[in-house]
Amino acid sequence: MVTKEELKTRYSMSDEELAELEASAKAYERGDWPSGKITRVGRPSIAAEEVKPITVRLPVSQIIALDGKAKSNGETRSSAVREAVSDWLMQA
């Protein structure tokens, strides 16, 4: 079990956030969890439809260049590739 001190130091939670978390846990234990409230775990979806991963093989030099350009634009490799594919599809 994680202690309040660990939550404060390791996860930088404030006293207000801890109080809210504790209140939610107690409500759940009582069966008072709000109906219709859904908590989703994981990364937020990047699209309104189903997404699937794909694998692309590139020369190492292109991967290094891609990572460098993505980083200089404040993007991840994946977001840069998604943007490039989207731009390419718009030209078609």
* Selection within region 34-79 - farther than 30 Å from S24 by Cα, hydroxyl-bearing (S, T, Y) and loosely packed, with under 10 Cβ neighbours inside 10 Å -> T55, S61, S72
* To do: Test D15 against the stated conditions and say whether it is within 20 Å of the chain's Cα centre (by Cα) and among the acidic types (D, E).
  => no
* **Filter result (modelled with pLDDT of 95 or more and small (G, A, S)) within region 46-69** => S61, A65, G68
* Asked: Considering only region 27-86, how many residues are among the hydrophobic types (A, V, I, L, M, F, W, C) and part of a loop (DSSP other than H, G, I, E, B)?
  -> 10
* Mind listing just one residue for me: the one in region 1-24 that is hydrophobic (A, V, I, L, M, F, W, C) and surrounded by 10 or more Cβ atoms within 10 Å (Cβ to Cβ) and, of those, nearest to A80 (Cα to Cα)? => M13
* Structure fact -> For region 45-60, pairs from a residue that is closer than 14 Å to V85 by Cα to a residue that is surrounded by 10 or more Cβ atoms within 10 Å (Cβ to Cβ), with Cβ under 8 Å and 6 or more apart or across chains, are V56/V81
* To do: Could you please find all residues in region 23-52 being under 23 Å from the mean Cα position of the chain (by Cα) and on the phi > 0 side of the Ramachandran plot?
  => G36, G42
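The values are calculated or read from the model by the stated rules, or taken from the named source; none is laboratory data. Just so you know, these numbers come straight off a predicted model, no measurement behind them. Glycine also receives a Cβ, built like all others from the backbone with ideal geometry; neighbour counts cover every protein chain displayed.
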